[in-house]
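Asks: Can you keep this structure in mind? I'll have questions shortly.
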């Protein structure tokens, strides 16, 4: 057993905040329940991916080797039903949606997992685990159709309920324990038993097994994949609150029944909160979901990531949605559809403004740092307070994340650092003629830019250059407004000509035209630049 890490996380298993204690020195093994790929991913799936990604980044920043597995469930009744609806081969359909998911979470800044197993690739391990459970007296097979169903015998596992705190005697028969079809089976020995292997009707998509053709149950899949890629007794298990019971409870029951007397299947369980819309959980089953693609069409992916990080991972996040008509007036969400209306996400718009601010601060700091003259000296007394903010920022971000991933506190530190950077640039511009002061400010700007990059990198923010970010945002914002970059550039050029000719009436008229289009113009001695803001109505 390794020494405890500085990192403390709330442990759903013990119901308290605890230091993370890796099983192996210098290494953390962690698992996250990934998507069932029968459809496109929504905003809730994005949050579920960002939480473990944040921890991977933070642990690696601590110098640890992180072995991170996130599965893809590509064998499931939902996939069978969707493939039948679309007359498509199930694995082909699942692979298509899995690729879309991987693309979406990559745009959110999530690093690829060390392992990304698929159920279809782990069937030998799943079957082997079921056989061991039968041998250990924890499971049994019963005839079903041309083959057999295999059930987990819940009551034989004395620790059932230790994660969720639920007692079998307090549950109604089958409550939450059945497979997702919620069909009550009468061939089980106990109403609380759940499926490990389900016999499939003739002609239905299925796989060979010792119990005939069928498909694995939902819960056994994760138990087998964690064992294959992380081993028994790994360090951290992630998932949404909705998976705590029965899925994670059943994972524990299966895995520990396969390894009797060997301790905990996983020592530390971390559960993330829901995304809510109008105070209800966002879910496909409720029809109140928005896809990641919906968000990316209107907002930058980093804005969505910032939005996730702005709240504590264990709490809910309200995803604000507004409908606006062609004139920009808000329409009730349940009102009839109107021509020309748009859907906007005010919370994401606000997050994007904050990301804009961070990139702008970084660009200004880089610009000042590049002007540091040879032989410049630091230690300028007037800059001592700003220097303290700059030099303490990264440690303060680490401290915030070490305390149960307090991302809102970490983001506040980043905001303070960006403000200090802007103040530094403003002072340097004001005192440009003071060579000693300007040189010291430029050196400190270099430190501030490095601190801002380091502090945001662990959060998965500021992942591209300011120019690359601004270009992609401007292209998207122009598209949303139905504008062409060339048309804006031509107006800017005409305005520069008018200013050069001292035709200020023409210059002002062109500025007003641009402002009406949502374009902000910035004049400087070297020319004019422009940006287009996020459309908020």
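Asks: Kindly check whether there is at least one residue in region 498-510 that is under 23 Å from residue 479 (Cβ atoms) and surrounded by 15 or more Cβ atoms within 10 Å (Cβ to Cβ).
Replies: Of all residues in region 498-510, those under 23 Å from residue 479 (Cβ atoms) come to 510.
Then drop every residue that is not surrounded by 15 or more Cβ atoms within 10 Å (Cβ to Cβ), which leaves 510.
Yes, region 498-510 contains a residue that is under 23 Å from residue 479 (Cβ atoms) and surrounded by 15 or more Cβ atoms within 10 Å (Cβ to Cβ).
Asks: Looking at (1) under 27 Å from residue 307 (Cα atoms); (2) without any contact (Cβ under 8 Å) to a residue 60 or more places away in the chain, which is the only condition residue 393 fails?
Replies: It is condition (2) that residue 393 fails.
Asks: Tell me which of these residue 529 doesn't satisfy, since it passes every other one: (1) over 31 Å from the mean Cα position of the chain (by Cα); (2) surrounded by 15 or more Cβ atoms within 10 Å (Cβ to Cβ).
Replies: With (1) over 31 Å from the mean Cα position of the chain (by Cα); (2) surrounded by 15 or more Cβ atoms within 10 Å (Cβ to Cβ) applied to residue 529, the lone miss is (2).
Asks: List the number of the failed condition for residue 313; all other conditions in (1) in the same structural domain as residue 440 (by TED's automatic domain parsing); (2) closer than 27 Å to residue 464 by Cβ; (3) in a loop (DSSP other than H, G, I, E, B) hold.
Replies: (1)
Asks: Scanning for something in a helix (DSSP H, G or I), in the same structural domain as residue 441 (by TED's automatic domain parsing), within 30 Å of residue 6 (Cα to Cα) and out of contact with any strand residue (DSSP E or B) (no Cβ under 6 Å at 6 or more places or on another chain), does region 367-385 turn up at least one residue?
Replies: In the first step, residues of region 367-385 are kept if they are in a helix (DSSP H, G or I); the result is 367-369, 381-385.
With in the same structural domain as residue 441 (by TED's automatic domain parsing) added as a condition, the list becomes 367-369, 381-385.
Adding the requirement that they be within 30 Å of residue 6 (Cα to Cα) leaves 384-385.
Now narrow it down to the ones that are out of contact with any strand residue (DSSP E or B) (no Cβ under 6 Å at 6 or more places or on another chain): 384-385.
Yes.
Asks: For region 253-276, name all the residues that are farther than 18 Å from residue 243 by Cβ and crowded, with 20+ Cβ neighbours inside 10 Å. Before you say what the answer is, go through the steps one by one.
Replies: So the first thing to find is which residues in region 253-276 are farther than 18 Å from residue 243 by Cβ, and the list is 257-263.
Listed by number, the residues that qualify are 257, 258.
Asks: Go through (1) in contact with a strand residue (DSSP E or B) (Cβ under 6 Å, 6 or more places away or on another chain); (2) closer than 23 Å to residue 421 by Cα one by one and return the number of the condition residue 450 breaks.
Replies: Against the list (1) in contact with a strand residue (DSSP E or B) (Cβ under 6 Å, 6 or more places away or on another chain); (2) closer than 23 Å to residue 421 by Cα, residue 450 comes up short only on (1).
Table: residues versus (1) under 39 Å from the mean Cα position of the chain (by Cα); (2) within 14 Å of residue 364 (Cα to Cα); (3) in the same structural domain as residue 384 (by TED's automatic domain parsing).
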site: 411; (1), (2), (3): yes, no, yes
site: 414; (1), (2), (3): yes, no, yes
site: 418; (1), (2), (3): yes, yes, yes
site: 426; (1), (2), (3): yes, yes, yes
site: 433; (1), (2), (3): no, no, yes
site: 439; (1), (2), (3): no, no, yes
site: 442; (1), (2), (3): yes, yes, yes
site: 445; (1), (2), (3): yes, yes, yes
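Asks: Moving to a separate point now. Within region 123-159, work out how many residues are crowded, with 22+ Cβ neighbours inside 10 Å and under 34 Å from the mean Cα position of the chain (by Cα).
Replies: Qualifying residue count for the region: 5.
Asks: Now a separate question. Looking only at residues that are in contact with a helix residue (DSSP H, G or I) (Cβ under 9 Å, 6 or more places away or on another chain) and surrounded by fewer than 17 Cβ atoms within 10 Å (Cβ to Cβ) in region 166-178, which one is modelled with the highest pLDDT?
Replies: We begin by selecting, within region 166-178, every residue in contact with a helix residue (DSSP H, G or I) (Cβ under 9 Å, 6 or more places away or on another chain); these are 166, 168, 175-178.
Checking which are surrounded by fewer than 17 Cβ atoms within 10 Å (Cβ to Cβ) leaves us with 168, 175-176.
On the way: 168: 87, 175: 56, 176: 50.
It comes out as 168.
Asks: Kindly provide the set of residues from region 322-340 that are touching a residue at least 12 places away in the same chain (Cβ under 8 Å) and surrounded by 14 or more Cβ atoms within 10 Å (Cβ to Cβ), ordered by number. It would help to see each step written out before you state the result.
Replies: Our first condition is that a residue be touching a residue at least 12 places away in the same chain (Cβ under 8 Å); within region 322-340, this holds for 322-326, 328, 333, 335, 338-340.
Within region 322-340, 322, 323, 324, 325 meet the criteria.
Asks: Let me ask something additional. Here are the criteria: (1) over 33 Å from the mean Cα position of the chain (by Cα); (2) surrounded by fewer than 22 Cβ atoms within 10 Å (Cβ to Cβ). Tell me which single one residue 115 does not satisfy.
Replies: Unmet condition: (1).
Asks: Right, here's the next one. Identify, please: which residue in region 185-201 is touching a strand residue (DSSP E or B) at 6+ places or on another chain (Cβ under 9 Å) and part of a loop (DSSP other than H, G, I, E, B) and is, among those, modelled with the lowest pLDDT?
Replies: If we filter region 185-201 for residues that are touching a strand residue (DSSP E or B) at 6+ places or on another chain (Cβ under 9 Å), which is where we start, we get 185, 187-190, 193-200.
Retained after the next criterion (residues that are part of a loop (DSSP other than H, G, I, E, B)): 185, 187-190, 193, 200.
Values: 185: 55, 187: 81, 188: 89, 189: 92, 190: 92, 193: 95, 200: 93.
Ranking the qualifying residues of region 185-201, first place goes to 185.
Asks: Just one of the numbered conditions (1) touching a strand residue (DSSP E or B) at 6+ places or on another chain (Cβ under 8 Å); (2) assigned to a helix (DSSP H, G or I); (3) in contact (Cβ under 8 Å) with a residue 60 or more places away in the chain; (4) over 20 Å from residue 44 (Cβ atoms) is not true of residue 131; which one?
Replies: Evaluating residue 131 over (1) touching a strand residue (DSSP E or B) at 6+ places or on another chain (Cβ under 8 Å); (2) assigned to a helix (DSSP H, G or I); (3) in contact (Cβ under 8 Å) with a residue 60 or more places away in the chain; (4) over 20 Å from residue 44 (Cβ atoms) leaves (1) as the failure.
Asks: Kindly list, by first and then second residue, each pair from a residue in region 501-526 that is closer than 22 Å to residue 470 by Cβ to a residue that is in a strand (DSSP E or B) and modelled with pLDDT under 85, limited to pairs with Cβ atoms under 7 Å and residues at least 6 apart or on different chains.
Replies: 521/528; 522/528; 522/529
Asks: A further question follows. Just the residues that are out of contact with any strand residue (DSSP E or B) (no Cβ under 7 Å at 6 or more places or on another chain) and at pLDDT 95 or above, please, taken from region 206-224.
Replies: 208, 210, 222, 223, 224
Asks: Return the only residue of 399, 360 being surrounded by 14 or more Cβ atoms within 10 Å (Cβ to Cβ), part of a helix (DSSP H, G or I) and free of Cβ contacts under 8 Å to residues at least 60 places away in the same chain.
Replies: Values: 360 fails: free of Cβ contacts under 8 Å to residues at least 60 places away in the same chain.
Every option except 399 fails the conditions.
Asks: Let me ask another. Would you mind finding the one in 510, 517 that is at pLDDT 80 or above, within 30 Å of residue 320 (Cβ to Cβ) and out of contact with any strand residue (DSSP E or B) (no Cβ under 7 Å at 6 or more places or on another chain)?
Replies: Numbers: 510 fails: within 30 Å of residue 320 (Cβ to Cβ).
Going through 510, 517 in turn, the sole match is 517.
The values are calculated or read from the model by the stated rules, or taken from the named source; none is laboratory data. Remember, it's a predicted structure, so these values are computed and weren't measured experimentally. Using ideal geometry, Cβ is built from the backbone for each residue, glycine included, and neighbour counts are taken over all protein chains shown.
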